[in-house]
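Before I ask anything, let me first share the structure, which is written out below as structure tokens.
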Amino acid sequence: MAVQNEARANARKILRCPARVTLADGTALRGRTFDVSMGGLSMMMDNPLPLGTRCTIAFEALTGGKTVKINVAARAIHCALSGTDGFRIGFQLDRNDEAAAKSVRQLLT
């Protein structure tokens, strides 16, 4: 059996802060970010999300003494129960949103 190397395309930064996930129908859910990269982020949430769910994720983080507001379009790409903490959900960020990419880049530097 071959084992594949699962190296990430983008370096991730640990980031733990409250976040709001807004679904296409306007439903707002709360969670906490876990980590973030230029390509995606993961969050802890109380309930699972179906894979492929499109949403907008909004949160604020302190970096370099300034608060950076992040508001990104994303799609759920994995979801797993994480002990008693809830569900760890991985999101892929929309690559066509240059303003969001700029904000995430600022957060990562």
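Hey, could you check region 82-106 for residues that are within 14 Å of Phe34 (Cβ to Cβ) and not aromatic (Phe, Trp, Tyr) and say which is nearest to the chain's Cα centre (by Cα)?
Per the stated criteria, the residue is Gly90.
So, one more: Out of the residues in region 12-37 that are touching a Leu at 6+ places or on another chain (Cβ under 8 Å) and not in a strand (DSSP E or B), which is nearest to Asp85 (Cα to Cα)?
That would be Leu15.
Can you run down the residue pairs with Cβ atoms below 6 Å, 6 or more apart or on separate chains, where the first is in region 52-70 and more than 13 Å from Pro18 (Cβ to Cβ) and the partner is among the small types (Gly, Ala, Ser) and assigned to a loop (DSSP other than H, G, I, E, B)?
Arg54/Ala24
Residues checked against (1) surrounded by 14 or more Cβ atoms within 10 Å (Cβ to Cβ); (2) at positive phi; (3) modelled with pLDDT of 95 or more; (4) hydrophobic (A, V, I, L, M, F, W, C):
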residue: Asn10; (1), (2), (3), (4): no, no, no, no
residue: Ala19; (1), (2), (3), (4): yes, no, yes, yes
residue: Asp25; (1), (2), (3), (4): no, no, yes, no
residue: Gly39; (1), (2), (3), (4): yes, no, no, no
residue: Lys69; (1), (2), (3), (4): no, no, no, no
residue: Ala76; (1), (2), (3), (4): yes, no, yes, yes
residue: Ile89; (1), (2), (3), (4): yes, no, yes, yes
residue: Ala99; (1), (2), (3), (4): no, no, no, yes
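The values are calculated or read from the model by the stated rules, or taken from the named source; none is laboratory data. It should be emphasised that the depicted structure is a prediction, and the values quoted were computed from it without experimental measurement. Heads up, the Cβs are rebuilt from the backbone with ideal geometry, glycines too, and the neighbour counts pull from every protein chain shown.
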